[in-house]
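Below is one structure, written out as structure tokens; the observations come after it.
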Amino acid sequence: MLALLAPAAAHAGPGPRDTGTQPVDSYAHAIRQSVWVDTGLDSDHDGKHDRVAADIIRPSEPAAAGQRVPVIMDASPYYSCCGRGNESQIKTYDKSGNPVGFPLYYDNYFVPRGYAVVLVDLAGTDRSDGCIDVGGPSDITSAKAVIDWLNGRATAYSTRTGSTTATASWSNGSVGMIGKSWDGTIANGVAATGVAGLKTIVDISGISSWYDYYFAQGAALYDGGPDELASEVESSGAQSHCSAEEQALRDGAPRNGDWTSAWQQRDYYADAAKVKASVFVAQGMQDLNVRTKNFGQWWDALAANGVQRKIWLSQTSHVDPFDYRRSAWVDTLHQWFDHYLKGVDNGVQNQPMADIERTPDHWTTDAAWPPAGTTATRVGLAPGSANGLGTLSAAPPPASGTETYTDNPAQSEDDWAAQADQATSDKVAFTTGVLSSDLRLSGGGSVTLTASASTTSAHLSAVLVDLGPATIRDYEAAEEGITTLTTRSCWGESTSGDSACYLDTAADTENVQQTVFSRGWADLGHYDPSLHGVPLTPGKPYTITVQLASSDHVVPAGHRLALIVAGTDNGLIVAPDTKPSISIDLSRSSADLPLVGGLPALAHALHGAGGGHHPAGGTAGATGHGRGPAAALPTSQAARLR
């Protein structure tokens with residue numbers, strides 16, 4: 001099922017809207033308190049268990065009536081160092097240390113509707129003890145221990161160092177975790193423990209495997225490692241006594257791209273079978289920070305284990321849905337939490353599984369995602385009219401043929417796409433003819449290449465490109481697809497210390513002649529699935545399958561589809577220590593693309609297209625979507641992962 005939604009439409013829901021919770025409790029008179037939960041760990045090796053700070057706001061009316069309430073929880077390392085949301089909000093306190101300002105709108109909107117909101121400082125950050133370990137046991141236990149406390153299985157204290165305990169007698173034990181980026185990552189990791197009481201998570205641009213945040217099949221995505229990220233977010237107290245943990249992070253995450261036990265420890269999708277919570281995923285399909293392989297493999301693993309789930313896919317990069325589809329997002333989130341945390345029979349679980357932004361502010365829905373009939377379809381790579389200009393078709397791989405290119409680390413995927421019809425020396429562009437009907441790709445694909453290099457190291461990039469004019473969100477601009485306006489809209493109730501009113505946003509768009517919509521990178525020396533790299537023997541062929549990150553894109557009739565294979569993708573992967581020439585054996589290379597309708601859909605789209613290469617100077621040669629060298633992404637890891 002594919003249905004088009006109006007630009008600003010919210011889901012109406014299958015049942016009467018008055019079945020949802022209403023804002024009947026007072027936000028101004030809500031109970032605000034802090035507790036410190038014993039994690040059972042001693043990550044800073046001071047001989048005492050780490051305690052993590054949890055700031056709580058909950059309605060007073062249910063408490064006075066002896067009623068228990070569910071909890072919406074956001075565990076984060078950013079509540080003091082970097083802030084949350086589009087306005088970089090931090091926690092604030094009065095002179096006595098009591099919480100006053102709770103970042104984001106969750107408290108303003110949901111506390112009057114009978115929810116508690118709990119904001120947790122990960123160990124080693126803000127007012128918590130211990131050391132942060134970037135997705136490891138300390139991070140995950142920081143949040144899991146709070147869920148255990150909310151369910152009567154852990155101990156909390158009313159002060160950071162005191163002995164007076166605090167109970168959560170006001171909690172009914174049902175917890176929903178939410179968060180963007182690192183916060184969403186923690187939600188994924190906690191869900192993968194199978195902890196009792198966690199009923200749902202809302203994962204906004206979260207990581208499912210920290211290896212896949214830092215590396216793509218052995219190719220480094222960033223210059224630094226998790227130890228540097230830890231130093232950017234840890235508290236001043238942690239900085240003085242967490243050097244051993246930072247060294248452990250350096251030792252466990254070598255910059256050579258090899259798979260280690262430290263990465264295995266931070267691989268959540270491998271434990272998807274333990275997930276008991278429902279999962280609502282929101283992801284920018286052009287996220288060049290937490291890249292979309294993370295959501296794709298998590299989604300597939302959840303599906304394989306029968307987890308109830310829902311997904312929103314936008315055209316943005318690393319942006320919260322509150323900032324690109326605010327009204328519909330808050331309404332859907334309200335229904336989601338009402339159903340999974342309060343048991344409201346509002347039918348949200350029966351709504352279409354997927355909402356996908358096709359053009360700026362225009363969305364479609366699918367009953368399932370990827371939609372029924374999506375098939376990994378083998379596509380042949382064949383030589384074209386000149387070296388570097390190949391063809392992409394439904395035909396089997398050719399019996400022979402090679403294509404060669406030389407790695408040029410100064411070139412990016414935008415450069416390659418703009419020059420798809422030019423026989424340049426730094427890439428090979430395999431293109432279809434002009435499509436006679438729409439062709440939809442949904443999910444993740446792969447490209448298998450048999451390649452030899454002239455040097456002992458080589459990186460590979462493979463990108464899918466829609467060749468043709470379009471208006472898209474400008475995901476490479478500073479705000480990654482949105483523009484922040486000067487007006488405000490309010491979502492819930494306010495106090496003098498915590499406003500429910502946030503700056504409005506609008507889509508930031510641009511007109512392009514080509515759109516890169518899926519990407520994959522790899523180090524050829526990591527051709528073995530074990531991800532333990534070796535120096536290449538010059539001239540020796542190696543076969544590697546490069547995973548293409550998940551997306552959902554319709555290449556419309558009149559456009560062409562291209563698969564471009566090249567070396568270093570400037571600004572998105574780190575160059576190898578050599579500049580090799582690469583030779584691809586086309587008889588032993590192919591692509592498997594996630595086509596809706598499979599091979600028949602491809603054949604139909606190519607019917608009448610001639611199947612040949614578009615002449616040089618065609619639609620792909622015009623001014624395109626540009627990104628400068630690596631400066632496009634923030635240099636601070638903490639800034640990237642907000």
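Things to note:
- Filtering the stretch 173-193 to residues that are open to solvent by 10 Å² or more (accessible area, probe 1.4 Å) and over 18 Å from Ile311 (Cα atoms) leaves Ser174, Thr193.
- Listed by first and then second residue, the pairs with beta-carbon distance under 6 Å, at least 6 apart or on different chains, first residue in the stretch 81-102 and under 13 Å from Tyr502 (Cα atoms), second open to solvent by less than 60 Å² (accessible area, probe 1.4 Å) and assigned to a loop (DSSP other than H, G, I, E, B), are Arg84/Tyr78; Arg84/Pro103; Arg84/Leu104; Gly85/Leu104; Gln89/Gly83; Gln89/Pro103.
- The stretch 538-566, residues that are assigned to a loop (DSSP other than H, G, I, E, B) and either under 24 Å from the mean Cα position of the chain (by Cα) or surrounded by fewer than 20 Cβ atoms within 10 Å (Cβ to Cβ) (or both): Pro538, Gly539, Lys540, Pro541, Pro556, Ala557, Gly558
- Listed by first and then second residue, the pairs with beta-carbon distance under 7 Å, at least 6 apart or on different chains, first residue in the stretch 274-293 and more than 20 Å from Phe322 (Cα to Cα) and open to solvent by less than 10 Å² (accessible area, probe 1.4 Å), second hydrophobic (A, V, I, L, M, F, W, C) and in a strand (DSSP E or B), are Ala277/Leu198; Ala277/Ile201.
- Every pair of residues 6+ apart whose Cβ atoms lie under 6 Å, when the first sits in the stretch 495-510 and is free of Cβ contacts under 8 Å to residues at least 60 places away in the same chain while the second is among the polar types (S, T, N, Q) and surrounded by fewer than 17 Cβ atoms within 10 Å (Cβ to Cβ): Ala506/Thr483; Asp508/Thr483
- 1 or more residues among the acidic types (Asp, Glu): qualifying strands (runs of 3 or more DSSP E) within the stretch 366-454: 402-406
- Residue in the stretch 92-100 that is of a type in the set (Gly, Ala, Ser) and open to solvent by 10 Å² or more (accessible area, probe 1.4 Å) present: yes
- In the stretch 13-40, the residues that are open to solvent by 20 Å² or more (accessible area, probe 1.4 Å) and of a type in the set (Phe, Trp, Tyr) reach residues that are part of a strand (DSSP E or B) and modelled with pLDDT of 90 or more with C-beta atoms within less than 9 angstrom, at least six apart or across chains, in these pairs: Trp36/Arg51; Trp36/Val52; Trp36/Ala53; Trp36/Ala54; Trp36/Ala156; Trp36/Tyr157; Trp36/Ala166.
- Every residue from the stretch 567-581 that is among the hydrophobic types (A, V, I, L, M, F, W, C) and surrounded by fewer than 24 Cβ atoms within 10 Å (Cβ to Cβ): Leu572, Val574, Ala575
- Restricting the stretch 369-391 to residues that are over 29 Å from Ala304 (Cα atoms) and free of Cβ contacts under 8 Å to residues at least 60 places away in the same chain leaves a set whose member that is least open to solvent (accessible area, probe 1.4 Å) is Gly388.
- Filter result for Leu531 (assigned to a loop (DSSP other than H, G, I, E, B) and either touching a residue at least 60 places away in the same chain (Cβ under 8 Å) or open to solvent by 30 Å² or more (accessible area, probe 1.4 Å) (or both)): yes
- One residue stands out in the stretch 229-255 among those that are in contact with a helix residue (DSSP H, G or I) (Cβ under 9 Å, 6 or more places away or on another chain) and among the polar types (S, T, N, Q): the one that is least open to solvent (accessible area, probe 1.4 Å), namely Ser231.
- Residues of the stretch 1-54 satisfying the condition of being at pLDDT 95 or above, among the hydroxyl-bearing types (Ser, Thr, Tyr) and farther than 30 Å from Ser96 by Cβ: Thr21
- Note on the stretch 76-97: residues that are part of a loop (DSSP other than H, G, I, E, B) and closer than 13 Å to Asp126 by Cα amount to 10.
- Scanning the stretch 208-217 for residues that are assigned to a loop (DSSP other than H, G, I, E, B), closer than 19 Å to Val574 by Cβ and open to solvent by less than 10 Å² (accessible area, probe 1.4 Å) returns a single hit, Trp210.
- Those residues of the stretch 236-262 which are part of a helix (DSSP H, G or I) and either of a type in the set (Asp, Glu) or closer than 21 Å to Asp523 by Cα (or both), in sequence order: Glu245, Glu246, Arg250, Asp251, Gly252, Ser261, Ala262
- Residue match in the stretch 422-434 (condition: open to solvent by 40 Å² or more (accessible area, probe 1.4 Å), free of Cβ contacts under 8 Å to residues at least 40 places away in the same chain and within 28 Å of the chain's Cα centre (by Cα)): no
- Being among the β-branched types (Val, Ile, Thr), at negative phi and either assigned to a loop (DSSP other than H, G, I, E, B) or under 25 Å from the mean Cα position of the chain (by Cα) (or both) holds for only one residue in Val111, Val100, Val134, Val146, and it is Val146.
- All positions within the stretch 467-489 that are part of a strand (DSSP E or B), within 22 Å of Asp552 (Cα to Cα) and open to solvent by 10 Å² or more (accessible area, probe 1.4 Å): Pro469, Ala470, Thr471, Ile472
- Top-ranked residue of the stretch 490-510 - restricted to ones that are aliphatic (A, V, I, L, M) and under 30 Å from Tyr27 (Cα atoms), ranked as least open to solvent (accessible area, probe 1.4 Å): Ala500
- Residue within the stretch 305-323 that is among the aromatic types (Phe, Trp, Tyr), under 23 Å from the mean Cα position of the chain (by Cα) and part of a helix (DSSP H, G or I) present: yes
The values are calculated or read from the model by the stated rules, or taken from the named source; none is laboratory data. Source: prediction; values computed, not measured. Note that we place each Cβ from the backbone using ideal geometry, even for glycine, and neighbour counts take in every protein chain shown. The protein model used for the area step is the full one, side chains on, heavy atoms only, and it has no ligands, DNA or RNA in it. Shrake-Rupley method; radii C 1.70, N 1.55, O 1.52, S 1.80 Å.
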